[in-house]
Amino acid sequence: MRALHQAAFARDPATGRKRAPADVVEAPLVDELREDPGFLPHLSLVAVSDDAIVGHVIATRGWIEPHGSPALGLGPLGVLPAVQRQGVGTVLVHALLAVAEACDEPLVALLGDPAYYGRFGFRASADLGITAPDPRWGEHFQARLLTGPVPAPGTFRYAEPFARL
Ligand SMILES: CC(C)(COP(=O)(O)OP(=O)(O)OC[C@H]1O[C@@H](n2cnc3c(N)ncnc32)[C@H](O)[C@@H]1OP(=O)(O)O)[C@@H](O)C(=O)NCCC(=O)NCCS
């Protein structure tokens, strides 16, 4: 999984510029998330082609403070460059949302490009009363309600490995 994200995030998602391998923080982050108490195996989903993993999405346990209501933090999502723009990322996000909904999760939050995630129903988290862990993220911190109970307003807190980024 680490190699997949190392390749997928070889370019900075925000600028498109090539990054030094050590700057690809998403690769070790996935390893740490898989070791964290917030890891949820049913929300770590892969796409496979010719026996190789070509895409991976993960959501881990997060919280909405001050009440500590459970929610999900989505990310990283990565698709191998050779198979990008063929629908793999779209299917992975839809699949993850379907599993989350089936498990009565109330909300998924993420940091990402609104132009990409808007198509899945994500919107600026502030519209839903959810404050980003870092206010500088602005409209890039997005959230989507699921079918579970609507969470009380508050500040989103990711699983602990995100805090070490
Ligand atoms: C972003 C990513 C996961 C999308 O997966 P994918 O399989 O390539 O995407 P899909 O084929 O399902 O969807 C393609 C659509 O998304 C759009 N898209 C892809 N990346 C995008 C981005 N960064 N911002 C906006 N739109 C994007 C394409 O323009 C295309 O739109 P269209 O259908 O209207 O033409 C993949 O490109 C990737 O791994 N990129 C590098 C890592 C990354 O940026 N991850 C997300 C971090 S938030």
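The values are calculated or read from the model by the stated rules, or taken from the named source; none is laboratory data. Just so we're clear, the structure is a prediction, and the values are computed from it rather than from any experiment. With ideal geometry, Cβ positions are generated from the backbone for all residues, glycine too; neighbour counts draw on all protein chains shown.
Computed quantities for the displayed model
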quantity	calculated
Flag for residue 37 being under 23 Å from residue 144 (Cβ atoms), more than 16 Å from the ligand (Cβ to nearest atom) and not in a helix (DSSP H, G or I)	no
Matching residues, the stretch 7-53, being closer than 19 Å to residue 88 by Cβ and of a type in the set (Lys, Arg)	11
Residue within the stretch 154-161 that is acidic (Asp, Glu) and touching a residue at least 60 places away in the same chain (Cβ under 8 Å) present	yes
Unmet requirement for residue 24, which otherwise passes all of (1) within 12 Å of the ligand (Cβ to nearest atom); (2) within 21 Å of residue 114 (Cα to Cα)	(2)
Among residues of the stretch 3-18, those that are surrounded by 15 or more Cβ atoms within 10 Å (Cβ to Cβ) and free of Cβ contacts under 8 Å to residues at least 60 places away in the same chain, counted	1
Helices (runs of 4 or more DSSP H) contained in the stretch 64-165 and holding at least 1 residues modelled with pLDDT of 95 or more, of a type outside the set (Ser, Thr, Tyr) and near the ligand (Cβ under 10 Å from one of its atoms)	88-102, 114-117
Close pairs (8 angstrom Cβ cut-off, 6 or more residues apart or separate chains): over 20 Å from residue 102 (Cα atoms) and hydroxyl-bearing (Ser, Thr, Tyr) in the stretch 42-64, at pLDDT 95 or above and within 16 Å of the ligand (Cβ to nearest atom) anywhere	49/83
Qualifying residue in the stretch 77-85 (condition: in contact (Cβ under 8 Å) with a residue 40 or more places away in the chain and among the charged types (D, E, K, R))	no
Lone unmet requirement of (1) more than 19 Å from residue 2 (Cβ to Cβ); (2) surrounded by fewer than 16 Cβ atoms within 10 Å (Cβ to Cβ); (3) hydrophobic (A, V, I, L, M, F, W, C); (4) away from the ligand (no atom under 13 Å from the Cβ) for residue 52	(1)
Residue 84 being closer than 23 Å to residue 14 by Cα and crowded, with 18+ Cβ neighbours inside 10 Å	no
